[in-house]
Structures are given as C-alpha cells and as structure tokens.
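To start, the structure under review is shown below, and the notes come after it.
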Amino acid sequence: MIKFAWILLLFSKLCMAQPSCDESKLPIIFVHGFLASGDTWATQIQRFSSNGYCDERMFVFDWNSVGIKQKPDSLLDMFISKVLVRTGAAKINLVAHSAGGGLCYGYLNDSVRSARVAHYIHVGSVKIKQPAGYNGDVPTLNIYSADDMIVKGGADVPGATNLKETGMDHLQVASSEESFAAMYRFFNDNREPAMVTIMTDKSPNRLIGGRAVILGENSPLVNDSILVYSFNPKTGRRTGREPFKRMVTDSSGYWPAFEVGKKSYLEFEVHPRQARVISYFIEPSPRNNAHLYLRCLPSSGMLGSMLRSMPEDDRQTVIVIFSANNAIVSGRDELSIDGIPLSSDTLTPANKTIIASFLYDDGDGISSGKAKKSFGPGIFLNAVDVMIKADNRSTTEIIYNGRSIRLPCRPSKEVIQVAVFN
C-alpha cells in the first residue's frame, strides 16, 4: 500500500509551486492497466494541473497486475477511503485504463462503494453493457479507439457518454489530448478545458518526485539507493563525476522530491539490493512531476524468467528503449540505434503494441536486428538482437521520431540502461 504520510508531503510541496488551483474540484484517482504503473497518467495529470486542478487532489493507485493471489479491489477500497479523509471530499472521480478498467468496473458493482464515486471513466478497457454502478447509476464516460489492437472491438455503451477515437493505439487512448479533453468535459459539466496541451511552467526549476518498484508487480523497493546525475544527451556523458543527489527509498518505494533546472536531462541509477542495477535516462519535464517511476526487474514469475535471459557480462551493453505515451508502431514511428532500424512490420507491428524494446546480442556478436522469439509473445515488450560492444569510452545513439539521445556503452555486468521518451 502507498505510504500516505510521504505522498501527502510530496503533494503539499507540489501544490506550493502551483500559482493557483481550484480546491473545490473533486479529487481524481487514476488506475493503470496490465504491466503498468501510475506514470501511465503523468501527462494527463499535468494537463489537469495546467487547467487549474490541484496536484494534491490527484492520486494514482498502483496495483499488482500480474499477481493472481492479489485482492486489488479491497486495496482500492482502502485507498479511496484514505483519499476521502485526506481531502475532506464526499466523493471522488475515478479513471481507469485497460485491465484497470476491469478492476474498477467490478469494484463499482456494489451500492456502498459506488456511492463514493461521482463519475467513472472507462478507458481502452473491457467491453461493458451499461454504465458503472450497482444499477448502472454512476455516470460513465467510455473512451475507446478503433485502432486499439489490444482491446479490440470497442463499442458505445447505452446510457454512457461515449468517445470513439481513431488512429489511437492502446497507450495513446489513455494519454492523448483528445482523451483529456473528453475527461475534462465529463468532470466539468461539458465545459471545454482552457488548453489541451501541457502548459510549460515558466519557473526556472521543476520539482521531481516518484517511486521505485518492481516491474508488473509494483511492489516497492525498500531502503534502496538511487544516484542522480545530470547528463548531456548529445554526448551521452554525465556532466559531473559524482551524483548531485543521493537518495534512499522509503518503506513504500518513494524517494524524496527535489528541484532541478527546467532543461535538465537526468540519469537515475537505481541500486536494488536484490536485483540488477538499472539507470534511467529521462528527458526534461515541462511541469512538476510527482509520478516518475523507476522499475527494476522481477525475480520470479513468467516475466522474471523472460528477463533473466538478458546478458550480464563485461562484453556487451544492454539497452532498453521505453516509449511512455504511445506504442512504437511500424509505418507511423521511426526508431533506430546506431542506424539499425528497430521499427518494422516484423519488430513493431500495430497488433503487438510495443512500448519497450530490449536490445542485446544473441551470443554471436553480430547485430541481426531480428526479434528474439524466446522473449515471450511480444505483446508490449520485445527483444531485438543488437550487439553493442561495451566500452566506457564509446556511446550509442538512439533516434526516435527525430529526437536523438546518446547513452554510454557501459558493460551489462554493471548496469542495464533505459532510455525514456516522453
């Protein structure tokens, strides 16, 4: 469960940085889908913040989407109770994506629980026959895309407000400007938002906070170290030898929020005691961001078994490319590393909805650029045969839809490196 004392302290700091916000707005709780975390909603939260919502009245509910023995509905019930106590509100607004929609729609099929929810938004999720609530009495917005290849065959729901999108993949249907505008109207008596883009904060600094968790499980990394460096995306080099910030995660995986310059590119090097070291390379944020997630590798389950195939030696570099707000789709998106194409009909077809590519050699020292069939079914995640020779004097260039970033070629024995494109 989330440690509320810390998260409320973070939200308090973030709210202090807001020029103004409307405390009369109902609090919003956002729920992610399969394999995801609270950062699914980071851009939408920034859009709500850009339109006068208070950062301290927007919350994310993390749950274990791969745990068969979990009871997330009970945890969600406790979470809603604490949000109501904290904010003093009588009800909350609830937003859920993908598998989170299945969780929330089922949760609301109870008259006591549904009485605490003013509005429900069902995004890119399972087909439903009526609005949420015991008797379909919770006002429901149903957002779906004709081009969502994960949840296929979305349809209007009788009695609900419906938005059918086109051209949006499974992740975009949660993160797009069009979806935000519909959410805002639904919560605000059909009034249009002042803006659908994320308003860039004019202040010289950003307050950055977040959580370190295990991929898929969202179990926290407890008392683990995080080192923060600034780096130059054009050279792939750190701007200083020593980290400018050293942090330790708390009992719920949160790390202390800190301020950075608005143009700062950051490297977060996570040192879990029971998993491999991972460095995240993050682009600058246009606004304060309380939802920066650092994921480490699971040690068990199907996902853990699949990820254990990644090498851990002095010979090669392992790099992961993560697209935070949309899938990487062949024909629409262009992705390459050192000139090797990573977006193609074979690697990133629309029906696979790839959001993360794991790059490492299959053992022959040659980059074939082919997908590794042993790396699971290839939904959301894929692995590509790319040999990046480990050499601390060298760098490798990633180009994603015209945006370029360089990373150092560090040995996989030391670290797995993740390039994050917002």
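Observations on the structure shown:
- Taking the number of Cβ atoms within 10 Å of each Cβ as an exposure proxy, the fewest-first ranking of Val222, Val95 is Val222, Val95.
- Taking packing as the residue-averaged number of other Cβ atoms within 10 angstrom, the listed peptides 341-354, 283-296 run from highest to lowest as 283-296, 341-354.
- Least to most buried among Trp63, Trp255 (fewest other Cβ within 10 Å first): Trp63, Trp255
- Three-way shape label, segment 288-345, alpha-carbon gyration tensor, a/c 1.5: oblate
- Near the amide H of Ala383, within less than 5 Å, lie the amide hydrogens of Phe358, Lys372, all on another chain or at least 5 residues away, with H placed in the peptide plane.
- For the chain, the dipole from Cβ point charges (+1 on Lys and Arg, -1 on Asp and Glu) about the Cα centre works out to 680 debye, to the nearest 20.
- Relative contact order for the chain: 13 percent, from Cα pairs under 8 Å spaced at least 6 residues apart, divided by residue count.
- Amide H partners (placed H, <5 Å) of Ile150, local residues excluded: His170
- Sum of -39500 (n - 2.57) over DSSP H runs of 4+, divided by residues of the chain (222 nm, nearest 500): -5000 deg cm²/dmol
- Applying the Karplus relation 6.51 cos²θ - 1.76 cosθ + 1.60 with θ = phi - 60° to segment 202-212 yields 3J(HN,Hα) values of 7, 5, x, 10, 10, 9, 10, x, x, 9, 10 Hz, where x marks Gly and Pro.
- If you take the Cα centroid of segment 56-112 and the Cα centroid of segment 352-422, the two points sit 35 Å apart.
- Cα-based shape type of segment 345-422, given that a ≥ b ≥ c are square roots of the gyration tensor eigenvalues and the cut on a/c is 1.5: oblate
- Candidate lysines - alpha carbon under 29 Å from Lys164, same-chain residues fewer than 8 apart omitted: Lys25, Lys91, Lys127, Lys129, Lys152, Lys352
- The packing ranking, built from the mean of other Cβ atoms within 10 Å per residue, places the peptides 327-338, 169-180 in the order 169-180, 327-338, highest first.
- Listed by chain and number, the lysines whose C-alpha is less than 24 Å from the C-alpha of Lys263, apart from same-chain residues fewer than 8 away, are Lys13, Lys202, Lys234, Lys245.
- Euclidean distance of C-alpha centroids, segment 305-336 and segment 249-284, integer Å: 19
- Going from the residue with the fewest nearby Cβ atoms within 10 Å to the one with the most, His32, His97 rank His32, His97.
- For segment 27-138: rounded, prolate or oblate by the Cα gyration tensor [a/c cutoff 1.5]: rounded
- Projected label distance in nm at Val248 and Ala194, using a 7 Å step from Cα toward the beta-carbon: 4.2
Bear in mind that the values in this text are calculations on the coordinates, not laboratory data. The structure displayed is predicted, hence computed values, not measured ones. Don't worry about glycine lacking a Cβ; one is built from the backbone with ideal geometry, like all the others, and counts go over all protein chains shown.
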